[in-house]
1. If only one of Ala29, Ala80, Ala62, Ala73 is touching a Pro at 6+ places or on another chain (Cβ under 7 Å) and either among the aliphatic types (A, V, I, L, M) or closer than 16 Å to Ile92 by Cβ (or both), which one is it?
2. If I go through segment 79-94 residue by residue, how many of them are free of Cβ contacts under 8 Å to residues at least 24 places away in the same chain and open to solvent by 50 Å² or more (accessible area, probe 1.4 Å)?
3. I'd like the residue in segment 57-73 that is without any contact (Cβ under 8 Å) to a residue 12 or more places away in the chain and open to solvent by less than 40 Å² (accessible area, probe 1.4 Å) and, out of all such residues, is nearest to the chain's Cα centre (by Cα).
4. Does Ser98 meet the test of being more than 22 Å from Arg8 (Cα to Cα), modelled with pLDDT under 90 and among the hydroxyl-bearing types (Ser, Thr, Tyr)?
5. For segment 12-25, which positions are closer than 18 Å to Val81 by Cβ and more than 12 Å from the chain's Cα centre (by Cα)?
6. Quick check on segment 70-91. Is at least one of its residues more than 17 Å from Val20 (Cα to Cα), touching a helix residue (DSSP H, G or I) at 6+ places or on another chain (Cβ under 7 Å) and either at pLDDT 90 or above or not acidic (Asp, Glu) (or both)?
7. When both residues are 6+ apart or on different chains and their Cβ atoms are under 9 Å apart, which pairs have a first residue that lies in segment 1-12 and is at pLDDT 55 or above, and a second that is open to solvent by 100 Å² or more (accessible area, probe 1.4 Å) and outside any strand (DSSP E or B)?
Amino acid sequence: MTKSQKVRVFRFGGEEFCIVLKGVTIDDAYATIWEFEELLKKEDYLTTGGQSVVISFSGGIARADPENNIHEAIRNADAAVYLAKSNGRAQIICPDCSID
């Protein structure tokens, strides 16, 4: 990411987080989140007791712009997350991406 691009992460419910990528196209956002998901899969995770933990990631991506405000974008991304979870989890859904 360049200096003009900003990333912000917010907790959005119990197990959900909202990642805001500013200054990127929707397709670049998809590629960034896909890379994040791939990095999560590569790591081994252990509890403090030494038990192995498997982490899965489901994501929903939506665009926020002057015609699609942040509240609508959050609703759209949340709907995409639930679609990913209902399709078997460990997916990234982006209805507006040309990659998906």
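The values are calculated or read from the model by the stated rules, or taken from the named source; none is laboratory data. Only a predicted model underlies this, so the values are computations on that prediction, with no experimental measurement involved. Quick reminder, even Gly has a Cβ in these numbers, built from the backbone with ideal geometry, and neighbours come from all protein chains shown. Just so you know, the surface numbers come from the protein's heavy atoms only, side chains and all, with ligands and any DNA or RNA stripped out. Shrake-Rupley method; radii C 1.70, N 1.55, O 1.52, S 1.80 Å.
1. Exactly one residue qualifies, and that residue is Ala80.
2. 6
3. Ala73
4. So Ser98 fits the description; yes.
5. Within segment 12-25, Gly13, Gly14, Glu15 meet the criteria.
6. Yes, segment 70-91 contains a residue that is more than 17 Å from Val20 (Cα to Cα), touching a helix residue (DSSP H, G or I) at 6+ places or on another chain (Cβ under 7 Å) and either at pLDDT 90 or above or not acidic (Asp, Glu) (or both).
7. Val7/Met1
For every residue, the table says whether it meets (1) in a loop (DSSP other than H, G, I, E, B); (2) closer than 17 Å to Asn76 by Cα; (3) open to solvent by 50 Å² or more (accessible area, probe 1.4 Å).
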| site | (1), (2), (3) |
| --- | --- |
| Gly13 | yes, yes, no |
| Cys18 | no, yes, no |
| Leu21 | no, yes, no |
| Val24 | yes, no, no |
| Asp28 | no, no, yes |
| Glu35 | no, no, yes |
| Leu39 | no, no, yes |
| Ile55 | yes, no, yes |
